[in-house]
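The values are calculated or read from the model by the stated rules, or taken from the named source; none is laboratory data. All values reported here derive from a predicted model rather than from experimental measurement. For neighbour counting, all protein chains shown are included, and Cβ atoms are generated from backbone atoms with ideal geometry for every residue, glycine included.
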Amino acid sequence: MGIPIKNICCIGAGYVGGPTMTMMASKCPDINFNVVDINEERIKSWNNKNLSKLPIFEPGLEELIIKTRNKNLFFSTDIKEAIESADIIFISVNTPTKTKGLGAGKSSDLKWVEASAREVARYSKGYTIVVEKSTLPVRTAEVIENILNSAKTNSKREEISFDVLSNPEFLAEGTAIKDLDSPDRVLIGGENKNAMIALGNLYKAWVPEEKILFTNIWSSELAKLTSNAFLAQRISAINSISAICEVTEADIREVSRAIGKDSRIGSKFLDSGPGFGGSCFKKDILNLVYLSEYFGLTEVASFWESVVQINNWHQKRISEIIVKKLFGTVTNKKLVILGFSFKANTNDTRESAAIHICRNLLNEGANLVIHDPKVNSSQITNDLKINPTKLIDNDNSSFDKKSGTWGFSKSINNNEIFNNSYAVIILTEWEEYRKLNWKLIAKKMVPPAWVFDSRSIVNTNEVKDAGLRLWRLGNGLSD
Ligand code: NAD
Ligand code: UGA
């Protein structure tokens with residue numbers, strides 16, 4: 001008889017905790033899932049009857065929420081109660097890069113993980129399996145174990161006991177539900193086989209057994225960081241080649257297709273774009289850099305750091321190309337930015353290339369009109385750290401006097417957003433940007449007007465036939 005599992009708690013109702021627990025709840029109807037968070041607003045949004053108000057946008061999530069919410073899936077701020085009743089606790093809190101103190105700029109800030117571990121130590125009852133779901137530096141399980149055991153001794157709660165397991169998450173935003181439904185693998189690292197089997201049994205409800213890998217805990221932690229580092233490395237590699245394409249009349253899409261056919265390389269994750277964004281790649285590589293430096297592995301550290309450096313360079317390079325093509329100045333010119341999230345099908349903007357590119361253009365004095373189907377104006381204000389200018393009918397008359405301002409446009413439907421603009425800059429590959437009517441748009445713009453396509457999604461002939469000049473990332477034959 002294995003360890004019985006009836007109640008599960010997840011600390012952290014974010015991009016990982018929310019969808020992961022929703023998927024598990026839908027696959028394990030006999031188990032209760034309590035997702036808790038300190039952020040009251042977020043919990044309120046998770047409980048909102050209007051599903052378009054869920055705190056995160058993820059295709060397929062709403063359907064699963066309908067199936068599970070308030071049946072065997074509950075969102076709340078009552079952390080104590082959720083921990084007390086839990087047989088398994090997932091720690092799924094944020095682990096951003098530290099901004100100050102030892103390791104600032106590289107190592108992960110573990111204060112939220114530590115706080116979670118302390119709460120677990122305080123409220124748990126009997127035996128509990130504590131699972132690291134957050135991405136953590138190697139050997140963090142040791143830290144969690146220490147916190148749990150010292151709290152147990154200090155509070156003289158000898159009746160409580162724990163096993164700490166590592167179960168990193170590999171979902172990508174925008175495809176989270178699909179990734180959770182059929183993962184390439186589920187990784188479980190730990191020492192106690194029974195605890196590992198109990199966690200593995202949850203996944204066995206829908207994941208084939210051969211995809212559930214058991215490793216030691218340190219391999220599991222390191223495998224997560226390494227996966228992200230390898231994925232990010234591919235993007236930095238292909239983006240560096242896009243710059244070569246632009247000066248040699250080669251086309252990055254053709255190069256990608258050709259190398260992707262090599263089965264040793266494979267075709268996925270070879271789309272050149274404006275540079276990788278998101279909350280994880282940069283932070284996880286820097287974490288690896290920090291770890292390497294800590295162990296005196298200088299060459300290893302600089303190898304991985306260069307992956308991030310190329311990405312920064314690449315984003316800067318795109319803003320410089322835009323300025324150069326617009327006769328060396330964008331001051332007081334209206335530019336339309338299409339897409340602000342770090343990739344399509346998510347409302348997440350963390351580390352989005354759009355933030356860096358827009359900031360560079362604003363510094364150059366451009367007036368930006370920004371559109372994104374899922375990101376709202378207040379999020380963009382937070383990211384750019386500049387308040388928006390109110391736009392009247394998407395017009396730029398309010399821009400005339402000032403330079404370096406931006407406005408938000410809710411819709412691109414009537415093409416008004418393009419009035420009097422000098423360029424359209426596509427930064428996110430949203431489906432609706434593939435279907436734009438360039439003939440109509442061109443009529444509204446100031447000639448010679450430009451389209452900058454950093455995601456290679458427009459139909460080049462349609463853009464050129466409309467009389468617009470086109471720059472496409474990694475295409476040496478652009479105007
Ligand atoms: P997130 O910021 O969206 O969510 C984290 C949540 O934890 C927040 O809502 C925050 O309020 C809550 N929280 C923090 N401290 C808490 C505490 N003490 N008690 C209760 N709640 C607390 O972060 P995320 O994107 O879900 O990422 C979580 C972890 O998963 C990170 O380590 C990340 O690297 C990893 N990860 C993320 C992704 C992704 O695609 N976003 C994928 C795989 C792994
Ligand atoms: C990434 C990994 O893909 C997940 O496996 C991992 O779990 C997650 O990080 C994490 O640990 O947080 P995510 O950041 O959500 O997922 O999104 P990706 O699809 O990996 O995209 C990251 C960035 O790379 C985006 O800006 C995207 O536009 C860019 N990208 C991706 C490219 O430029 N080209 C590609 O071919 C693929």
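Name the one entry in Glu132, Glu119 that is farther than 19 Å from Leu288 by Cβ and in contact with a helix residue (DSSP H, G or I) (Cβ under 7 Å, 6 or more places away or on another chain).
Details: Glu132 fails: farther than 19 Å from Leu288 by Cβ.
Only one candidate passes the filter, namely Glu119.
Only one of these conditions is not met by Glu191: (1) within 16 Å of ligand 1 (Cβ to nearest atom); (2) under 25 Å from Phe295 (Cα atoms). Which number is it?
The number of the failed condition is (1).
Of all residues in the stretch 4-25 being outside any helix (DSSP H, G or I) and surrounded by 24 or more Cβ atoms within 10 Å (Cβ to Cβ), which is farthest from ligand 1 (Cβ to nearest atom)?
Among those that are outside any helix (DSSP H, G or I) and surrounded by 24 or more Cβ atoms within 10 Å (Cβ to Cβ), it is Ile8.
Using the structure shown, decide if Asp393 is touching a Leu at 6+ places or on another chain (Cβ under 8 Å), at pLDDT below 95, loosely packed, with under 15 Cβ neighbours inside 10 Å and not in a helix (DSSP H, G or I).
Values: touching a Leu at 6+ places or on another chain (Cβ under 8 Å): no; at pLDDT below 95: yes; loosely packed, with under 15 Cβ neighbours inside 10 Å: yes; not in a helix (DSSP H, G or I): yes.
Against the criterion (touching a Leu at 6+ places or on another chain (Cβ under 8 Å), at pLDDT below 95, loosely packed, with under 15 Cβ neighbours inside 10 Å and not in a helix (DSSP H, G or I)), Asp393 does not qualify.
Restricting to the stretch 432-479, name every residue that is β-branched (Val, Ile, Thr) and in a helix (DSSP H, G or I). Reasoning before the result, please.
We begin by selecting, within the stretch 432-479, every residue β-branched (Val, Ile, Thr); these are 441, 446, 451, 457-458, 460, 463.
Within the stretch 432-479, Ile441, Thr460, Val463 qualify.
From the list Ser306, Ser292, Ser302, which residue is more than 16 Å from ligand 2 (Cβ to nearest atom) and under 14 Å from Ile235 (Cβ atoms)? Break it down into steps so the answer makes sense when it comes.
Details: Ser292 fails: under 14 Å from Ile235 (Cβ atoms); Ser302 fails: under 14 Å from Ile235 (Cβ atoms).
Only one candidate qualifies: Ser306.
Take the residues of the stretch 272-283 that are more than 19 Å from Ser454 (Cα to Cα) and surrounded by 24 or more Cβ atoms within 10 Å (Cβ to Cβ): which is nearest to ligand 2 (Cβ to nearest atom)?
Taking the stretch 272-283 as the starting set, the residues that turn out to be more than 19 Å from Ser454 (Cα to Cα) are 279-283.
Filter once more, so that each one left must be surrounded by 24 or more Cβ atoms within 10 Å (Cβ to Cβ): 280, 283.
Working: Cys280: 3, Lys283: 9 Å.
Taking the candidates together, the pick is Cys280.
Given the criteria within 16 Å of ligand 2 (Cβ to nearest atom), crowded, with 18+ Cβ neighbours inside 10 Å, among the charged types (D, E, K, R) and within 27 Å of the chain's Cα centre (by Cα), does Lys268 qualify? First the steps, then the outcome.
Details: within 16 Å of ligand 2 (Cβ to nearest atom): yes; crowded, with 18+ Cβ neighbours inside 10 Å: no; among the charged types (D, E, K, R): yes; within 27 Å of the chain's Cα centre (by Cα): yes.
In short, no.
What pairs can you find where one residue is in the stretch 162-184 and of a type in the set (Phe, Trp, Tyr), the other is within 12 Å of ligand 1 (Cβ to nearest atom), and their Cβ atoms are less than 7 Å apart, with a gap of 6+ or different chains?
So the pair list comes out as Phe170/Asp179; Phe170/Pro183; Phe170/Ser227.
Could you run through the stretch 360-379 and say how many residues are closer than 20 Å to Lys316 by Cβ and buried (at least 17 other Cβ atoms within 10 Å of the Cβ)?
Initially, the stretch 360-379 is screened for residues closer than 20 Å to Lys316 by Cβ, giving 360-366, 368, 370.
The next check asks that each one be buried (at least 17 other Cβ atoms within 10 Å of the Cβ); those that pass are 360-362, 364, 366, 368, 370.
The number of residues fulfilling the criteria is 7.
Quick one: Leu187 ticks every box in (1) more than 26 Å from Ala229 (Cα to Cα); (2) touching a helix residue (DSSP H, G or I) at 6+ places or on another chain (Cβ under 7 Å); (3) not polar (S, T, N, Q) bar one, so which box is it?
(1) is the only condition that Leu187 fails.
Suppose we filter Asn228, Asn239, Asn312, Asn287 for residues that are assigned by TED's automatic domain parsing to the domain that holds Thr346 and under 27 Å from Gly404 (Cβ atoms); which single one remains?
Details: Asn228 fails: under 27 Å from Gly404 (Cβ atoms); Asn239 fails: under 27 Å from Gly404 (Cβ atoms); Asn287 fails: under 27 Å from Gly404 (Cβ atoms).
The conditions single out Asn312.
If the Cβ limit is 6 Å and pairs must be 6+ apart or interchain, which residue in the stretch 31-59 that is in contact (Cβ under 8 Å) with a residue 40 or more places away in the chain and under 23 Å from Pro373 (Cα atoms) pairs with which residue that is more than 9 Å from ligand 1 (Cβ to nearest atom) and hydroxyl-bearing (Ser, Thr, Tyr)?
That search, which allows pairs on different chains as well, returns Pro55/Ser45.
How many residues does the stretch 223-251 hold that are β-branched (Val, Ile, Thr) and under 15 Å from Val307 (Cα atoms)?
Step one: of the stretch 223-251, the residues β-branched (Val, Ile, Thr) are 226, 235, 238, 241, 244, 247-248.
If we keep only those that are under 15 Å from Val307 (Cα atoms) as well, we get 226, 235, 238, 241.
Final tally of qualifying residues: 4.
Only one residue in Ile357, Ile337 is assigned to a helix (DSSP H, G or I) and in contact (Cβ under 8 Å) with a residue 12 or more places away in the chain, so which one is that? Break it down stepwise before answering.
On the way: Ile337 fails: assigned to a helix (DSSP H, G or I).
Sole residue among the options that is assigned to a helix (DSSP H, G or I) and in contact (Cβ under 8 Å) with a residue 12 or more places away in the chain: Ile357.
Out of all the residues in the stretch 237-245, is one or more outside any helix (DSSP H, G or I) and modelled with pLDDT of 95 or more? Before the answer, list the steps.
Filtering the stretch 237-245 down to residues outside any helix (DSSP H, G or I) leaves none.
The answer is no; no qualifying residue exists.
Among the candidates Glu145, Glu173, Glu159, Glu169, which residue alone is assigned to a helix (DSSP H, G or I) and either within 12 Å of ligand 1 (Cβ to nearest atom) or not hydrophobic (A, V, I, L, M, F, W, C) (or both)?
On the way: Glu173 fails: assigned to a helix (DSSP H, G or I); Glu159 fails: assigned to a helix (DSSP H, G or I); Glu169 fails: assigned to a helix (DSSP H, G or I).
Going through Glu145, Glu173, Glu159, Glu169 in turn, just one is assigned to a helix (DSSP H, G or I) and either within 12 Å of ligand 1 (Cβ to nearest atom) or not hydrophobic (A, V, I, L, M, F, W, C) (or both): Glu145.
May I ask you to list the residues in the stretch 321-371 that are of a type in the set (Gly, Ala, Ser) and under 20 Å from the mean Cα position of the chain (by Cα)?
If we filter the stretch 321-371 for residues that are of a type in the set (Gly, Ala, Ser), which is where we start, we get 328, 339, 341, 344, 352-354, 365-366.
Within the stretch 321-371, Gly339, Ser341, Ala344, Ser352, Ala353, Ala354 qualify.
Is it the case that the stretch 364-377 has a residue that's farther than 27 Å from Phe57 by Cα and out of contact with any Leu (no Cβ under 8 Å at 6 or more places or on another chain)?
Quick first cut of the stretch 364-377, residues farther than 27 Å from Phe57 by Cα only: 364-367.
Remaining after also requiring out of contact with any Leu (no Cβ under 8 Å at 6 or more places or on another chain): 364-365.
Looking for residues that are farther than 27 Å from Phe57 by Cα and out of contact with any Leu (no Cβ under 8 Å at 6 or more places or on another chain), one finds at least one in the stretch 364-377, hence yes.
Looking at the structure I just gave you, is Ile188 of a type in the set (Val, Ile, Thr), more than 19 Å from Ser116 (Cβ to Cβ) and either crowded, with 21+ Cβ neighbours inside 10 Å or within 21 Å of the chain's Cα centre (by Cα) (or both)?
Values: of a type in the set (Val, Ile, Thr): yes; more than 19 Å from Ser116 (Cβ to Cβ): yes; either crowded, with 21+ Cβ neighbours inside 10 Å or within 21 Å of the chain's Cα centre (by Cα) (or both): yes.
Taking the combined requirement at face value, the residue satisfies it.
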